Amino acid sequence: MIDTPEKIDGENEAIVVTSDAIVPADETALEKIKARRAVLHHVFLPTLLLLVALLGGIRFSGRDGSIMFLPPALICLFFAAALIALFLRAGLIDLQGWVSERLSLIGNISNGVTLAALFFASAQIFNSILPEQGLPFWIVSFCVFWTLWNNLFAELNSLKLLRSLTAMFVLAFAVKYLLLANMTKPGNEGWLNSLINNPAQTAATWMLDLPQFDAATGYVQFFTLALFVIALYFIPRAIED
């Protein structure tokens, strides 16, 4: 059955109503919508993901406050690949809607750059929430691995996956920047003074091999994690050419 469009006269422009959607009859309005979507998908989104990839490796030294950039460990790349696979499996991203023959060459290249930025941002998010070294690194890494592994073989939908990932990110962030950070001795304090004033923190720092970062690191990484969540919100399932 073919739907017959109905024309509704508004104050400014005509609107064509069909059974599927309400579409502005003015082609200029359609072009403006397409232009805004193009800016969102091809400029704003990859820029936001690359910003996450940059901020995820930033740390502030606890000794003098200097800025350090830590590259992600190899296991972070593995976790990022597993996360992308989960996005595809849960239907959050339709690969055929991002890279296919029906899209133009420029569109395929742009979408490929955005997917690559998503991968690197994911790797840096795991770099952000995982402890840098020692026993805490392996414990938290195992918990992340177990969560991703179970989701790979579970019956998934988009809502269930997002709930699982949210719980994993929040718990890992709290362990690293709330629990372990408070167990670490101040970086600008000598070992002898720390042993006298805070023997428990000094012992935990030594036994768990905890790095000494400034408190600003936690604030930057919280902001980075929030940016990553915002980027996931704006990622479409498929992109129209």
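The values are calculated or read from the model by the stated rules, or taken from the named source; none is laboratory data. None of the values given here were measured: they were computed from a predicted structure. Every residue, glycine as well, gets a Cβ built from its backbone with ideal geometry; the counts of neighbours run over all protein chains shown.
Looking at ILE93, ILE33, which one is modelled with pLDDT under 90 and in contact with a Lys or Arg (Cβ under 8 Å, 6 or more places away or on another chain)? I'd like the intermediate steps shown before the answer.
Numbers: ILE33 fails: in contact with a Lys or Arg (Cβ under 8 Å, 6 or more places away or on another chain).
Unique residue meeting the criteria: ILE93.
For the stretch 90-128, give me each residue that is under 30 Å from ALA174 (Cβ atoms) and in a loop (DSSP other than H, G, I, E, B).
Those that are under 30 Å from ALA174 (Cβ atoms) and in a loop (DSSP other than H, G, I, E, B): ALA90, GLY91, LEU92, ILE93.
ALA53 is checked against (1) on the phi > 0 side of the Ramachandran plot; (2) at pLDDT 90 or above and fails just one. What number does that condition carry?
Answer for ALA53: the failing condition is (1).
For the stretch 34-80, which positions are surrounded by fewer than 16 Cβ atoms within 10 Å (Cβ to Cβ) and either assigned to a strand (DSSP E or B) or polar (S, T, N, Q) (or both)?
Within the stretch 34-80, THR47, SER66, ILE67, MET68, PHE69 qualify.
Residues of the stretch 96-130 being surrounded by 14 or more Cβ atoms within 10 Å (Cβ to Cβ), over 20 Å from PHE44 (Cβ atoms) and either charged (D, E, K, R) or modelled with pLDDT of 90 or more (or both), which ones?
ALA123, PHE126, ASN127, SER128, ILE129, LEU130
Quick one: SER194 ticks every box in (1) modelled with pLDDT of 80 or more; (2) part of a helix (DSSP H, G or I); (3) polar (S, T, N, Q) except a single one, so which number is it?
Unmet condition: (1).
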